1. If we count every other residue with Cβ under 14 angstrom of Asp188's Cβ, Lys/Arg +1 and Asp/Glu -1, where does the sum land?
2. What FRET efficiency, computed as 1/(1 + (r/R0)^6) with R0 = 22 Å and r the Cβ-Cβ distance, is obtained for Ala13 and Gln221, rounded to the nearest 0.05?
3. For region 157-274, what value does the Rg/Rh ratio take when both radii are computed over Cα atoms and Rh is the Kirkwood radius, given to two decimals?
4. Based on the Cβ-Cβ distance of Glu181 and His128, what FRET efficiency does E = 1/(1 + (r/R0)^6) give at R0 = 35 Å, to the nearest 0.05?
5. Would you check the chain for Lys pairs whose C-alpha atoms are within less than 28 Å, ignoring same-chain pairs closer than 8 in sequence, and give me the count?
6. Under a no-solvent Debye model with one identical scatterer per Cα of the chain, what's log10 I(q)/I(0) at q = 0.13 Å⁻¹?
7. Using DSSP to define loop residues, name the GluC sites (Glu not before Pro) in region 71-180 whose beta-carbon has at most 15 other beta-carbon atoms within 10 Å.
8. Work through the residues other than His140 whose Cβ is under 13 Å from its Cβ and net out their charges, Lys, Arg +1 and Asp, Glu -1.
Amino acid sequence: MPRDPFRTRDHVADFDDIVADIVARSAATRATLPMVADVPYGEGKAERLDLFFPLGRRSDLPVHIFIHGGYWRMFSRSDYSYVAETVTKAGAIAVIVDYALMPEVRMAEIVEQVRRAKQWVLDNIAGHGGDPSRLSVSGHSAGAHLATFLFEKTPMPSRIHAALLLGGLYDLKPLQTSFLEPLIGITDEEAVAFTPMTRWHDPNTAATILVGDQETPPFHQQAADFATLLRAQGHGVRNLCLDGRNHMNSVRDLGLSGTQAADCLIAMIERNRH
């Protein structure tokens, strides 16, 4: 029986070791970086975010939102605090967002939660020294999927200047017959309503689409297809294959200086500094 290309641990031999490492790195980040923890952005108990700050004066700083992955069903913001190491090194405030998990909630609620988190940032980040006019976003896997809903094309500008999408999921239909079916049971209605490939996006958002070269074929195909869609919608798009990286060590790299992923994140934030 062929291995499921979406079941990460089938393709990443050191999956558990990488998870343990990023959790430990995140604990170290929370112990060392200036932060404001457990900020509510809505009324739900999962609707919380953490703010991390670069050292020095906090005034008119660029702001970066990170949305974690885990197939909408696992992990939390505290597991991904380490991404703030790179964001703050680039001189920005890091906003690490949490959301409720499937199957306890459905996809529509999660999408609305990340939208509420973005609105909280726009409304409140100036009070923490951030400049809401210099806002960018990144996400990994399901987090990349969710990040796309923050720069959709609507009558109002998205106000997201740049997005970095790593190992993302942009077509939900194939996931309905994956290992996820008994775990979260993506419905036909959800696959239609929440597939980024069928939606319009704000062309003023510059997109960087990353995928590890050791990812399984569907991740490469979805990254290529979404880049093509965004270009057709008028976006400036940079897409890059990360050398020697898989679905898990690529996201760990976001917090490690000198890696391709971290360099891409820093470059995106620095382009948004002025």
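1. Working: positive: Arg106, Lys173; negative: Asp171, Glu181, Glu189, Glu190.
It works out to a net charge of -2.
2. Values: r = 23 Å, r/R0 = 1.05.
Result of the calculation: an efficiency of 0.45.
3. Working: Rg = 15.1 Å, Rh = 15.3 Å.
Reported Rg/Rh (Cα atoms, Kirkwood Rh): 0.99.
4. Values: r = 41 Å, r/R0 = 1.18.
The calculated FRET efficiency here is 0.25.
5. Working: Lys45/Lys118; Lys89/Lys118; Lys118/Lys153; Lys118/Lys173; Lys153/Lys173.
The result is 5.
6. Log10 I(q)/I(0), no solvent term: -0.79.
7. On the way: sites: Glu85, Glu104, Glu109, Glu112, Glu152; in loops: Glu104.
Answer in residue order: Glu104.
8. Values: positive: Arg77, Arg245, Arg252; negative: Asp79, Glu215, Asp253.
The answer is 0.
Bear in mind these aren't lab numbers, they're just calculated from the coordinates by the rules spelled out. These numbers come from a predicted model, not from an experiment. Ideal geometry is used to build each Cβ from the backbone, glycine not excepted, and the neighbour counts take in all protein chains shown.
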